[in-house]
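Chemist: Below you will find the structure I want to go over with you.
The values are calculated or read from the model by the stated rules, or taken from the named source; none is laboratory data. This is a predicted model, so every value here is computed, not measured. A quick note on method: Cβ atoms are made from the backbone with ideal geometry, for glycine too, and the neighbour counts reach across all protein chains shown. To get the accessible areas, we keep the full protein, side chains included, count just its heavy atoms, and leave off ligands, DNA and RNA. Shrake-Rupley method; radii C 1.70, N 1.55, O 1.52, S 1.80 Å.
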Amino acid sequence: MAIRTRTPGTSRTPRTRTLRLAAALAAVGTATLGLAAPAQATGGDPLDYVALGDSYSAGSGVLPLDLTAPLLCARSTANYPHVVAKRTGAKLTDVTCGGAQTKDFAGSQYPGVAPQLDAVDADTDVVTLTIGGNDNNTFIGAILACGSAGVLSGGKGSPCKDANGDKFTKEIDANTYPALKTALRAIKAKAPHARVGILGYPWIVPAKADPSCFAKMPIATGDVPYLRDLQTHLNDAVRRAASETGATFVDMAAASEGHDACKAPGTRWIEPVLFGTNFVPVHPNALGEKGMADQAIGVLKLG
């Protein structure tokens, strides 16, 4: 870390000033870690950081909106890429967009919106992303199916599991998993020297059903573990794809435990279907985006 120190007055000799600086640094000790210099690429320049991905990366639903982004992307300036860039001093290019699927890396998601991979090149030092949850409409399909079934059942039984079985997990295995590998390989091909971190999705529901949560998350008691298992399956597909393509999996499971949508404001990282604070439900709030940034910084060693 580069520190500039000026000693008041003119009577200090260079040797005295050097000794004072050394003593100050010794006294500070490990506290200087909290004041680490901005992350830098080879040559001392700030890291060239590109953020790709879907609404969990875009921070869709968290204010304030990024007015430089297409409105349909609902990108936030409080999303985890912005938090990472602010804390590390990296130079951020953020092309995250709500609703993105893996296909939107190579193609235009909306008219006038460039493919996300266009932002990546050989000079890119770091890439982060969340992707896969929108492929096959996995997240929205499961939440809608299980929410509707939960309301109709009065919160009892496992009507969503009974109706859908392994439909969602089969789609992940057949479609999402190979698409994830294709997307990650394409990133590595364009930025062969970059650290590529793909984040898992933070927990949406708790491990066990919480009856008091039904008003906010109308999921039947038996379908709470069903949705949890589905998310575990998706995150495992992300982990396997990362392992097989040379990317780094940023696991959110342990970090987000106890911060699901059933928890109280100030504790939860994910907003519920009803009575939440985000304008996009079942998505990370600002606290969740910060938690994702913490994990990305730690796992990718950006701090």
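Chemist: Could you tell me which of the residues Pro192, Pro202, Pro211 is loosely packed, with under 15 Cβ neighbours inside 10 Å and closer than 25 Å to Ala119 by Cβ?
Modeler: Result: Pro192 is the single residue among Pro192, Pro202, Pro211 that is loosely packed, with under 15 Cβ neighbours inside 10 Å and closer than 25 Å to Ala119 by Cβ.
Chemist: Which count do you get for residues in region 233-249 that are in contact (Cβ under 8 Å) with a residue 12 or more places away in the chain and open to solvent by 10 Å² or more (accessible area, probe 1.4 Å)?
Modeler: Final tally of qualifying residues: 10.
Chemist: Being assigned to a helix (DSSP H, G or I) and more than 23 Å from the chain's Cα centre (by Cα): is that true of Ala186 here?
Modeler: Here the answer is no, as Ala186 does not meet what is asked.
Chemist: Name the residues in region 64-91 that are part of a loop (DSSP other than H, G, I, E, B) and either in contact with a Phe, Trp or Tyr (Cβ under 6 Å, 6 or more places away or on another chain) or over 21 Å from Gly44 (Cα atoms) (or both), would you?
Modeler: Correct list: Pro64, Asp66, Leu67, Thr68, Ala69, Pro70, Ala74, Arg75, Thr77, Ala78, Asn79, Ala90.
Chemist: Also: Of everything in region 133-184, what is in contact (Cβ under 8 Å) with a residue 40 or more places away in the chain and of a type in the set (A, V, I, L, M)? Give them in sequence order.
Modeler: Correct list: Ala142, Ile143, Ala149, Val151, Ile172, Ala179, Leu180, Ala183, Leu184.
Chemist: Same structure, new question: Pairs under 8 Å by beta carbon, first residue farther than 23 Å from Pro81 by Cβ and free of Cβ contacts under 8 Å to residues at least 40 places away in the same chain in region 250-267, partner surrounded by 12 or more Cβ atoms within 10 Å (Cβ to Cβ) and among the small types (Gly, Ala, Ser), six or more apart or different chains?
Modeler: Listed pairs, sorted by first residue: Thr267/Gly258.
Chemist: If you scan region 237-289, which residues turn out to be in contact with a helix residue (DSSP H, G or I) (Cβ under 8 Å, 6 or more places away or on another chain), in a helix (DSSP H, G or I) and not charged (D, E, K, R)?
Modeler: Ala237, Val238, Ala241, Ala242, Thr245, Ala253, Ala255, Ser256, Gly288
Chemist: Every residue in region 90-106 that is of a type in the set (D, E, K, R), open to solvent by less than 50 Å² (accessible area, probe 1.4 Å) and more than 12 Å from Leu129 (Cα to Cα), please.
Modeler: The initial filter retains those residues of region 90-106 that are of a type in the set (D, E, K, R), namely 91, 94, 103-104.
Filter once more, so that each one left must be open to solvent by less than 50 Å² (accessible area, probe 1.4 Å): 94, 104.
Result: Asp104, single match.
Chemist: Any chance you could count how many residues in region 148-166 are among the charged types (D, E, K, R) and out of contact with any Gly (no Cβ under 9 Å at 6 or more places or on another chain)?
Modeler: 1
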